[in-house]
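Okay, so here's the structure we're looking at.
The values are calculated or read from the model by the stated rules, or taken from the named source; none is laboratory data. These figures come from a predicted structure and were not determined experimentally. Neighbour counts are summed over all protein chains in view; Cβ atoms, including those assigned to glycine, are modelled from backbone coordinates with ideal geometry.
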Amino acid sequence: MTNTGADMRTITLEKGLAIFINALHGKNRSSATIRAYQTDIQQFISFLHANNVSIQTPADVEKVDIVEYLSALAKRELTGLARARKMSALREYFRFLEGIGVVSKSPTTGIETPKREKNGRQVLRSDEYTKMLSLAGANPRDYAILQVFLQTGIRVSELANLTRDDIDFVKPSITVRGKGMKEREIFLEKKGIHALKSYLAVRGGSFSERVFLNYQGEPISERGIRKLVVKYRKEAGITKKASCHTLRHTFATCKAEKGVPAYQLQQWLGHANLNTTQIYIHLGKQNAKKIMQETSLA
């Protein structure tokens, strides 16, 4: 028995979210993306319940409700970037609901996306990441994690999910499962190979297939990896807000500076769109000009 249009328009906000999340799983979206959408939309639903008890279904939501939500986020001093991300989640959510007949028209229509701050992408200097590596040198696992980030530019989720079968020391390379479970191969260079071999030699006999483990012998979480990077950043005296993603930016920017073509960089980074990769090529050209000026022979 199929639901009629009237039936679909009476489902609750929570049911609408559940249907949307289930559809994302069906599209094979990454677990990180699904968690982010679920969190952002659930926060919006909680806001509606706290501020307008008459809203029970997605069809009850009006444009003004979303405008008020964005205003409330701004008063809480959320960045334009954070508000833009939440607005993006709401757009996709209501676009999906409109497509299956839950709402007749998306209430996000006509609402401008909050402007994102024009903050430059953080990139570590060679002396900064070298100091982090030096501090981690006595810990084979931590040193290997930092080296894999810097030598491959993979995402934190990809590093956390790396398995022993993903490492091929003969080629040598690693197989990475990125967004949408798309696989890509990244060749390893000597520093990365040595760091992984040194860590695996002392890793212990855990039955886990994951490469990187915590101190209980269980797969280390993304949160655990982020905390590890912050720890070494602070110990190295780096004041900029360097994160796992900063190490990815550092990899990409350094490769672009050294003339790596955009298509090759796109493959390494796992970008679906070449335009996303082009920013590193642009940054590489900017930095090349700066280096030329700073090393003038005149």
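Name the residues in segment 66-88 that are free of Cβ contacts under 8 Å to residues at least 12 places away in the same chain, in a loop (DSSP other than H, G, I, E, B) and either of a type outside the set (Asp, Glu) or touching a His at 6+ places or on another chain (Cβ under 9 Å) (or both), would you? Hits for segment 66-88 are Arg76, Leu78.
Of the residues making up segment 50-65, those that are loosely packed, with under 13 Cβ neighbours inside 10 Å and either part of a helix (DSSP H, G or I) or in contact (Cβ under 8 Å) with a residue 60 or more places away in the chain (or both) number 3.
Quick check on this structure: which one of Glu218, Glu209, Glu189, Glu235 is within 30 Å of His25 (Cβ to Cβ), touching a helix residue (DSSP H, G or I) at 6+ places or on another chain (Cβ under 7 Å) and exposed (fewer than 14 other Cβ atoms within 10 Å of the Cβ)?
From the options Glu218, Glu209, Glu189, Glu235, the qualifying one is Glu209.
Output yes when any residue across segment 92-102 is under 19 Å from the mean Cα position of the chain (by Cα), outside any loop (DSSP other than H, G, I, E, B) and not assigned by TED's automatic domain parsing to the domain that holds Tyr232, and no when none is. Scanning segment 92-102, I find at least one residue that is under 19 Å from the mean Cα position of the chain (by Cα), outside any loop (DSSP other than H, G, I, E, B) and not assigned by TED's automatic domain parsing to the domain that holds Tyr232, so the answer is yes. Only one entry in Ser173, Ser157 is within 20 Å of Ile186 (Cβ to Cβ), surrounded by fewer than 21 Cβ atoms within 10 Å (Cβ to Cβ), at pLDDT below 95 and under 22 Å from the mean Cα position of the chain (by Cα), namely Ser157. Among residues of segment 235-264 that are farther than 10 Å from Val123 by Cα and free of Cβ contacts under 8 Å to residues at least 24 places away in the same chain, those with a beta-carbon under 9 Å from a residue that is among the polar types (S, T, N, Q) and surrounded by 18 or more Cβ atoms within 10 Å (Cβ to Cβ) at least six positions away or on a different chain give the pairs Ala262/Thr277; Tyr263/Thr277.
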